[in-house]
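Everything below concerns the one structure shown next.
The values are calculated or read from the model by the stated rules, or taken from the named source; none is laboratory data. Quick caveat, the model's predicted, so the values are computed rather than measured. Reconstructed Cβ throughout: ideal geometry from the backbone, glycine too, with neighbour counts over all protein chains shown.
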Amino acid sequence: MASSSKGLNNFQGFKKVLDQAKNIIVLSGAGISAESGIPVFRGLTGIWRNHKPTSLATPEAFTANPALVWEFYHYRRCVAFNAPPNNAHLALAKFEQDCKTQNKNFHIITQNVDGLHHRAGSKNVLELHGALSKIRCTHCEQVEENWENPICEALKDRGDPNVTEKSLPPIDIAELPKCKTCGKLARPHIVWFGENLDLNLFEQARNLVEACDLCLLVGTSSVVMPAAMFAPLVAERGYPVAEFNLNDASGQENFQFHFPGPCGTCLPKALGYED
Ligand code: BV8
Ligand code: ZN
């Protein structure tokens with residue numbers, strides 16, 4: 001593939017930069033999990049009973065109809081818990097091991113909540129927006145891991161993306177997941193739109209962004225703040241950003257490298273694991 005001044009498919013140039021870098025970060029979004037069969041976030045629109053995910057992933061939606069929001073997350077848990085990590089996740093997990101032997105720092109900052117980086121074997125992962133496998137008490141704020149599927153009896157056989165809501169019997173709030181500590185209603189431990197990120201996680205991510213000398217931006221439409229400002233920050237600091245996306249998502253001219261195509265193919269190739 002021809003490379004151009006825009007660093008389009010410049011695998012050789014990227015490999016040189018990669019070999020010299022000492023503090024590498026990956027910023028990943030829903031596109032890295034697409035080849036695992038998980039619908040991308042903006043692609044989810046209309047997939048789940050014609051609801052826009054951005055209208056369900058909000059505290060207001062949960063207050064208004066906790067059962068509907070829990071059905072949405074029950075569906076997402078079913079899909080994510082049964083999805084295998086793909087070659088992009090696996091290549092990053094392998095690369096983390098190689099960085100360790102070469103005394104390089106490597107971290108993944110992900111917007112995804114599907115847990116696939118961990119399942120691929122990655123250790124240094126910051127889950128900026130939380131995780132489908134965690135729930136938090138709406139009363140005492142206790143956070144617990146929960147892989148049960150269904151998470152509660154009332155959600156068994158619910159969550160079908162194609163069914164018309166009206167045909168379903170309502171789920172009483174008392175039947176929804178509860179906190180194991182105080183027994184009150186639990187919610188997904190996920191950052192919804194309009195909610196603050198965990199400040200400690202955000203600070204950690206900011207520090208990694210300020211300290212890195214190479215940033216790989218993988219499978220994100222770069223529209224959700226504050227995660228979308230990280231890669232441009234690296235470029236403004238004068239360090240290389242390599243974007244892996246089906247298309248030229250961010251359109252950022254000051255990103256040094258662009259690898260258009262499925263990241264399950266381009267990323268292992270760029271990291272030198274596949275020809
Ligand atoms: C906050 C959990 C303050 C939920 C998520 C107006 C303007 C600007 C900002 C705002 C605004 N109004 C409100 C805001 C703030 C808002 C925001 O950004 N809204 C957007 C919609 C405009 N942000 C917030 O509310 C955040 N909170 O700002 O608080 C603060 C600030 C700093 C510090 C503390 C507090 C909270 C945002 C978190 C929302 N929660 N997730 C859930 O998942 O259920 S975000 C959600 O979108 C997902 O996590 C998802 O990961 C994320 C971003 O989407 P992408 O990952 O990029 O996915 P998308 O589908 O969009 O794109 C997929 C990409 O992959 C595409 O480019 C596609 O081409 C590519 N692709 C597809 N297949 C492949 C591929 N690439 C390679 N290979 C493939 N095979
Ligand atoms: Zn509680």
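Just one residue in the set PRO188, PRO150 is surrounded by fewer than 17 Cβ atoms within 10 Å (Cβ to Cβ), touching a helix residue (DSSP H, G or I) at 6+ places or on another chain (Cβ under 9 Å) and on the phi < 0 side of the Ramachandran plot; that residue is PRO150.
Checked against (1) polar (S, T, N, Q); (2) more than 16 Å from ligand 1 (Cβ to nearest atom); (3) without any contact (Cβ under 8 Å) to a residue 60 or more places away in the chain, ASN162 meets all criteria but (3).
Being within 16 Å of ligand 2 (Cβ to nearest atom) and not in a strand (DSSP E or B) is true of GLY183. Selection within region 114-147: residues that are part of a loop (DSSP other than H, G, I, E, B) and touching an Asp or Glu at 6+ places or on another chain (Cβ under 7 Å). The member of this set that is nearest to ALA228 (Cα to Cα) is ASN124.
Listed residues THR138, THR101; which is outside the structural domain of ILE32 (by TED's automatic domain parsing) and either of a type in the set (Asp, Glu) or surrounded by fewer than 21 Cβ atoms within 10 Å (Cβ to Cβ) (or both)?
Values: THR101 fails: outside the structural domain of ILE32 (by TED's automatic domain parsing).
Testing whether each residue is outside the structural domain of ILE32 (by TED's automatic domain parsing) and either of a type in the set (Asp, Glu) or surrounded by fewer than 21 Cβ atoms within 10 Å (Cβ to Cβ) (or both) leaves just THR138.
Quick check on ALA83: is it at negative phi, among the aliphatic types (A, V, I, L, M), part of a helix (DSSP H, G or I) and modelled with pLDDT of 95 or more? For ALA83, the condition - at negative phi, among the aliphatic types (A, V, I, L, M), part of a helix (DSSP H, G or I) and modelled with pLDDT of 95 or more - is not met. Within the span defined as region 78-99, one or more residues are of a type in the set (S, T, N, Q), touching a residue at least 40 places away in the same chain (Cβ under 8 Å) and out of contact with any strand residue (DSSP E or B) (no Cβ under 7 Å at 6 or more places or on another chain).
Among the residues of region 42-60, those identified as surrounded by fewer than 22 Cβ atoms within 10 Å (Cβ to Cβ), in contact (Cβ under 8 Å) with a residue 24 or more places away in the chain and not polar (S, T, N, Q) are ARG42, ILE47, TRP48, ARG49, PRO59, GLU60. For region 139-151, filtered to residues that are within 16 Å of PRO66 (Cβ to Cβ) and touching a residue at least 60 places away in the same chain (Cβ under 8 Å), the residue that is farthest from ligand 2 (Cβ to nearest atom) is PRO150.
If the condition is being among the hydrophobic types (A, V, I, L, M, F, W, C) and in a loop (DSSP other than H, G, I, E, B), then region 202-233 contributes CYS212, VAL223, VAL224, MET225. A single entry from GLY37, GLY13, GLY29 fulfils the requirement of being at positive phi and touching a residue at least 40 places away in the same chain (Cβ under 8 Å): GLY37. Inside region 258-268, residues that are assigned to a helix (DSSP H, G or I) and surrounded by 19 or more Cβ atoms within 10 Å (Cβ to Cβ) make up a count of 5.
For region 234-257, a residue qualifies if it is of a type in the set (A, V, I, L, M, F, W, C) and either assigned to a strand (DSSP E or B) or out of contact with any strand residue (DSSP E or B) (no Cβ under 6 Å at 6 or more places or on another chain) (or both), and the qualifying residues are VAL241, ALA242, PHE244, LEU246, ALA249, PHE257. Restricting attention to region 123-145, the residues that are more than 16 Å from ligand 1 (Cβ to nearest atom) and either of a type in the set (A, V, I, L, M, F, W, C) or over 26 Å from LYS100 (Cα atoms) (or both) add up to 8.
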